[in-house]
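A quick write-up on the structure given underneath.
The values are calculated or read from the model by the stated rules, or taken from the named source; none is laboratory data. Just so you know, these numbers come straight off a predicted model, no measurement behind them. Cβ sites come from the backbone with ideal geometry, for glycine too, and all protein chains shown count toward neighbours.
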Amino acid sequence: MKRRSTVRLLLAVVLGMALASSAYAGTLEDIAQRGELIIACQTQGQPFSFMDKNGNRTGSSIELCRLMGEEMGVKVTFVNYDWDGLIPALLSKKADLLAADMTPTLKRAMKVAFTTPYMYTGTVVFTKPGSPFKTIEDCRKPGVNVAVLLGSAQETEAKKALPNANLKAYKGGGPLLIDAVIKGHADIGINDASAVKGQSASFPPGSIRILPDQLSKSPLAFAVRYESQDLLEWVNLFFLTISLDGRLAKNIEYWVDSEDWKKDH
């Protein structure tokens with residue numbers, strides 16, 4: 001009887017060690033064995049993620065992810081989601097990494113682990129050229145119809161900054177907000193500055209006017225599941241490396257700070 005108990009104890013120890021070893025195998029090891037890094041990205045998100053005039057996926061975030069794949073020595077696969085589907089896709093393990101122009105808010109960080117911010121941008125208000133809205137103060141009047149993206153940081157900001165407004169939340173990408181303002185479905189739109197600047201390229205020149213004052217400034221970051229701490233540390237090191245060797249600055253200068261990409265894509 002004593003011998004049987006000892007054998008059972010040994011088996012339990014071996015099983016526990018096996019489970020611990022299995023649990024220790026991180027996301028990076030999974031990616032390496034699979035030979036593939038799966039990225040959840042936006043379907044409409046110029047200049048960060050979009051399909052260009054030749055039908056090719058590109059953008060600031062997309063090219064950064066391709067660079068990650070090169071450094072890892074694996075292929076990169078992109079899976080497309082509307083804005084409000086990005087975090088659920090990551091949490092359900094349909095992707096290893098979420099790469100979008102997402103603000104790392106405290107609320108979102110309750111669900112996913114954000115990388116160190118790789119750039120900073122701001123939230124802007126835009127309207128039609130001939131509209132009466134000239135300043136943010138004008139937008140605080142009661143009854144103003146405001147277009148925002150469902151589940152975005154800008155939706156939360158709009159609720160706080162424009163408490164008397166009528167918010168219209170759109171499911172999809174930033175171009176929907178621009179289209180809503182142009183067609184008169186909303187008086188103003190609120191979104192990330194770089195996104196508005198990039199996505200307005202798909203509309204006739206002069207279709208919208210961006211108000212001079214920013215609603216707020218915010219960081220942008222990628223995200224992983226909390227269980228993927230090894231991947232989080234690797235991505236942080238990746239951003240540090242390409243910031244030191246100039247590749248990050250080159251990416252942002254081309255895609256975000258200039259409009260050079262428009263003639264190429």
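Points to keep in mind about this one:
- Criterion violated by Ala161 - all others in (1) under 21 Å from the mean Cα position of the chain (by Cα); (2) surrounded by 15 or more Cβ atoms within 10 Å (Cβ to Cβ) satisfied: (1)
- All positions within the range 215-237 that are outside any helix (DSSP H, G or I) and either free of Cβ contacts under 8 Å to residues at least 40 places away in the same chain or not charged (D, E, K, R) (or both): Leu215, Ser216, Ser218, Pro219, Leu220, Ala221, Phe222, Ala223, Val224, Tyr226, Ser228
- The set of residues in the range 165-217 being of a type in the set (Asp, Glu), more than 18 Å from Asp82 (Cβ to Cβ) and either within 19 Å of the chain's Cα centre (by Cα) or at pLDDT 90 or above (or both) consists of Asp187 alone.
- Meets criteria (assigned to a helix (DSSP H, G or I) and free of Cβ contacts under 8 Å to residues at least 12 places away in the same chain) for Leu248: no
- A residue that is closer than 30 Å to Asp96 by Cβ and of a type outside the set (Lys, Arg) occurs somewhere in the range 130-148.
- Only one of the numbered conditions (1) crowded, with 16+ Cβ neighbours inside 10 Å; (2) touching a residue at least 60 places away in the same chain (Cβ under 8 Å); (3) assigned by TED's automatic domain parsing to the domain that holds Phe78 is not met by Phe133, and that is (3).
- Val112 being closer than 17 Å to Gly173 by Cα and hydrophobic (A, V, I, L, M, F, W, C): no
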